[in-house]
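To keep things clear, I will list the structure first and then write my remarks on it.
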Amino acid sequence: MTILLGSIADDYTGASDLANTLTKNGLRTVQTVGIPDPSLALPDVDAVVVSLKIRSVAAKDAVAAALEAESWLRGRGAGHVLYKICSTFDSTDLGNIGPVTEALLSVSGGHIALVTPAFPETGRTVYLGHLFVNGQPLDESPLKDHPLNPMRDANLARVLTRQSRGKVGLIDLPTVTDGADAVRARLDRLRAEGAAAAIADAVFERDLETLGKAALEMPVSTGASGLGLGLARALLRSGRASASDGENEAIRPVGGLAAVVAGSCSAATLKQLDAAELHMPVLRLDTEKLLAGSDEISAAIAWAGERIGEGPVAIAASAAPEVVSRLQARYGREASGHAVETATAAIAGELVERGVRRLVVAGGETSGATVDRLGIPAFLIGPEIAPGVPLLRTIGTGGNDMLLTLKSGNFGGEDFFATALSMMR
Ligand SMILES: Nc1ncnc2c1ncn2[C@@H]1O[C@H](COP(=O)(O)OP(=O)(O)O)[C@@H](O)[C@H]1O
Ligand SMILES: O=C(O)[C@H](O)C(=O)COP(=O)(O)O
């Protein structure tokens, strides 16, 4: 298998989001979970998105995992590697967007990385280096209350500088509007001034097409699905890739029971759970009792066992910011996050043991913990359920196929869970 484009995603929902965008824009794409075992038969594709769970780990560990994935992707022919980060630039001052970007540059011969989280289709735009989420500055959006990495600064050059060794420059919207040559010239000037990365403005898809065309001439870039759109379209327009119809066997029914497991505490997910409660049983986990040592996992499985034969059920740890803050104040941010992820993953594992074959998971870290617990090696990309969220079909599970949806916390409309379950047969 020789691929054109490789990507290293810092969480699993972000990986499926990007895989969805690449597929929609004509690239045959597969999503792997980490570096696949050599025995795994992957389909012939143009792009591979390697899912890693490195958004919230120590920078040195994120760098090591990313470099291993980069080497695997280059070994399969990837001429360009996109480090896929969150469209809301989820990170803390301790990394990892800066350290991983600089590490990828150091091994690829690249000198400067174009960086943009813009993804206008989902309301993420960048202007003068400032990120806006549905028109709100990042630090005034719900992302300011994220459980693991509250985003308190909309100026991405400042955010990236705080976690990078090199300087961070800006490619402003007028330069982007002047086209790919102007972007390249700006990158050359910034590199000459000692910059290792440049935040690029983007408000419309045409800006992403310009940035993708410019970025593709370099070995590395960093961004969200919007930059993936630009890279895909640049590959097709250059003739290096031929458009695929996106048809594959991902949508073939798997049957079995169905469930939703939610760990995202985003405003979107909380609304989606409230809407789901109108048409399906929803269990809200008591995370205080969970962390105090009560066997909430067994209780949740017993609750599900009484209901799941009648139809899909949802089990959610998700809670409002003030509830999350209380738990974090008592047990610590990282410890409570990890404990809850471990619990929701264990619940998902027990549900699959009891016949669930169609599973919707809400949350990036939550999805990573769950997919790792289920031991899934890779996914085929199915149809889009909502912008940024595709249906996925497992591969490499010995014929015991499952359909999954790994929903980015902030994505999807209020009826997302009903829509996803209706498409997963
Ligand atoms: N009630 C809760 N209290 C504290 N942390 C929680 C609670 N529910 C979920 N979490 C944690 O919050 C984090 C949510 O992150 P993630 O799954 O990536 O969602 P998102 O996609 O919205 O960022 C996870 O670490 C999860 O374990
Ligand atoms: O928003 C994005 O770019 C991706 O979908 C993503 O990274 C989602 O991460 P989350 O933790 O599920 O919000």
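The values are calculated or read from the model by the stated rules, or taken from the named source; none is laboratory data. Owing to the predicted nature of the structure, the values given are computational and were not obtained by experimental measurement. Note: ideal-geometry Cβ built from the backbone for every residue, glycine included; neighbour counts use all protein chains shown.
If you go through region 350-377, how many residues are in a strand (DSSP E or B) and either at positive phi or basic (Lys, Arg) (or both)?
Total satisfying the criteria: 2.
Quick test for you: out of ARG393, ARG358, ARG354, pick the one residue that is more than 16 Å from ligand 2 (Cβ to nearest atom) and either touching a helix residue (DSSP H, G or I) at 6+ places or on another chain (Cβ under 6 Å) or of a type in the set (A, V, I, L, M, F, W, C) (or both).
Only one candidate passes the filter, namely ARG393.
Say we look at region 300-329 and pick out the residues that are out of contact with any helix residue (DSSP H, G or I) (no Cβ under 7 Å at 6 or more places or on another chain) and closer than 21 Å to THR92 by Cα; which of these is nearest to ligand 1 (Cβ to nearest atom)?
VAL324
Counting only residues that are surrounded by 15 or more Cβ atoms within 10 Å (Cβ to Cβ), touching a Pro at 6+ places or on another chain (Cβ under 9 Å) and touching a residue at least 24 places away in the same chain (Cβ under 8 Å), give me the helices (runs of 4 or more DSSP H) lying completely in region 215-303 with at least 1 of them.
Correct list: 225-237, 267-276.
Yes/no per residue for (1) at pLDDT 95 or above; (2) polar (S, T, N, Q); (3) touching a Gly at 6+ places or on another chain (Cβ under 9 Å); (4) under 30 Å from PRO43 (Cβ atoms):
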| site | (1), (2), (3), (4) |
| --- | --- |
| VAL176 | yes, no, no, no |
| ILE199 | yes, no, yes, no |
| ALA215 | yes, no, yes, yes |
| CYS265 | yes, no, yes, no |
| LEU270 | yes, no, no, no |
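Out of ALA319, ALA369, ALA343, I need the residue that is within 23 Å of PRO142 (Cα to Cα) and either modelled with pLDDT of 95 or more or surrounded by 18 or more Cβ atoms within 10 Å (Cβ to Cβ) (or both). Which one?
ALA319
Only one of these is crowded, with 17+ Cβ neighbours inside 10 Å, within 16 Å of ligand 1 (Cβ to nearest atom) and modelled with pLDDT under 95: THR13, THR92. Name it.
After ruling out the rest, the residue left standing is THR92.
Please work out which one of (1) within 16 Å of ligand 1 (Cβ to nearest atom); (2) in contact with a Pro (Cβ under 9 Å, 6 or more places away or on another chain); (3) hydroxyl-bearing (Ser, Thr, Tyr) is the condition THR394 fails and give its number.
Just one mismatch for THR394, condition (1).
Taking region 92-134, which residues are on the phi > 0 side of the Ramachandran plot and not aliphatic (A, V, I, L, M)?
GLY95, GLY109, GLY123, GLY129, ASN134
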